[in-house]
1. How large is the translational diffusion coefficient of region 177-318 in µm² per second when you combine the Kirkwood radius over alpha carbon pairs with Stokes-Einstein at 20 °C and 1.002 mPa s?
2. Taking the chain as a Gaussian network, where each spring joins two C-alpha atoms under 10 Å apart, which residue of LYS141, LYS68, LYS240 fluctuates the most?
3. Given a 10 angstrom Cα cut-off, can you work out which residue in LEU37, LEU52, LEU294 is the most mobile in a GNM of the chain?
4. Report the FRET efficiency, 1/(1 + (r/R0)^6), for SER15 and ILE46, where r is their Cβ-Cβ distance and R0 is 22 Å, rounded to 0.05.
5. Ranked by accessible surface with a 1.4 Å probe, highest first, in what order do GLU27, GLU241 come?
6. Gap in Å between the Cα centre of region 53-103 and the Cα centre of region 225-258?
7. Cβ under 11 Å from MET110's Cβ, MET110 left aside: what net charge do those residues give with Lys, Arg +1 and Asp, Glu -1?
8. Using the basic label-point model (7 angstrom from Cα toward the beta carbon), what is the ASP185 to ILE53 distance in nanometres?
Amino acid sequence: DPEVFAPSKYPSEDSDFHFENFKTTVEMLFATRRTLLFIMATGIVIRTIKDLIGSKDKDPAILVMDEKGFHIISLLSGHLGRANEKTNEIAGLIGADPVITTASDVSGSMAVDTFAMDHGLTINDLTAAKDITAMIINGEKVAMINNSSMEFDGSRLPENVFLVNGEVSQDCQGVIAVSIKMELDLEKRYVILHPKTVIAGMGCRRNTTFEELKNALRDTFSRNNISIDSLKGIATVDLKEDEKGLMECASYFKVPLMIIPRNEILKVEDKFTGSDFVRKSIGVGSVAEPCGYLASDKGRCIEEKHRYEGITISVWESSVEVLKC
């Protein structure tokens, strides 16, 4: 249900909040809400939010509607904020005319940022995404390559976007790459879309600090040329489910701490090199590798095991179902 904000001079039981200062209220809402629908003149809205606008990946969706409900305008964050989608949705509910001005939507083409958002992908470079989108809208040939564990069938791509498995042809002007890699060796203009498919199996000594764990994880990803944006979860043994450093690390990277029971590890531990000392201590011979293996649904191993002082990390890429695109 929406929250309704109205001026104090127009008290109404339909309003949840009444404000005295419009500008101050908008500043607060701009920083704390994901969607703002203004029912007023567009000029008022533009003058009020002009100094609040930051970047398209952080700004909320801004919609403007006239007081009769004839028109709804998608004003800001049409793609990443889903303002276009919400404008169409509300217009459909009340019979209004949706006003959408983004080129990819008007032309019925494809925007890289929308594609990324729809498939749970993170964009490595918003400027590159804008450039590639412009190529698509202008009818230039763009290749899409996929070297992640995700699978795309390519059935919904525009005619000038080609899903390729091998070399990118010379007549393609740009490349969309779905990859866990931080950098790619490509000569053409490209944008990387990072899928969240990487699991970090982690074991550590008791009371290992958050900073030590965070730095070890970042170093592991950097050495393997893996984007931290592709981190899907941190997996560890059940004895470590209350380990403060691991909990803080998972919270910092905004991923779940995935707890693997020791009885599940026992079923697969013969696949990995274990330690007698660890086995005597906790009942299983290893933690990082089997936890990463099981949490990734027996996925692809990227790095078997890397030891830091009091920390062990194993990296795996999980597989996912085929996605329509």
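1. Details: Rh = 15.2 Å.
Estimated diffusion coefficient is 141 µm²/s.
2. LYS68
3. Looking only at LEU37, LEU52, LEU294, the biggest GNM fluctuation is shown by LEU52.
4. Working: r = 24 Å, r/R0 = 1.08.
Efficiency at R0 = 22 Å is approximately 0.40.
5. I get GLU241, GLU27, largest accessible area first.
6. Rounded to whole Å, the Cα centres lie 36 Å apart.
7. On the way: positive: ARG156; negative: ASP105, ASP113, ASP118, GLU159.
Within the 11 Å Cβ shell, the charges total -3.
8. Modelled inter-label distance: 4.1 nm.
The values are calculated or read from the model by the stated rules, or taken from the named source; none is laboratory data. No experiment lies behind these values; they were computed from the predicted model shown. Glycine also receives a Cβ, built like all others from the backbone with ideal geometry; neighbour counts cover every protein chain displayed. Ligands, DNA and RNA are stripped out before the accessible areas are found, and what is left, the full protein with its side chains, is counted by its heavy atoms. Shrake-Rupley method; radii C 1.70, N 1.55, O 1.52, S 1.80 Å.
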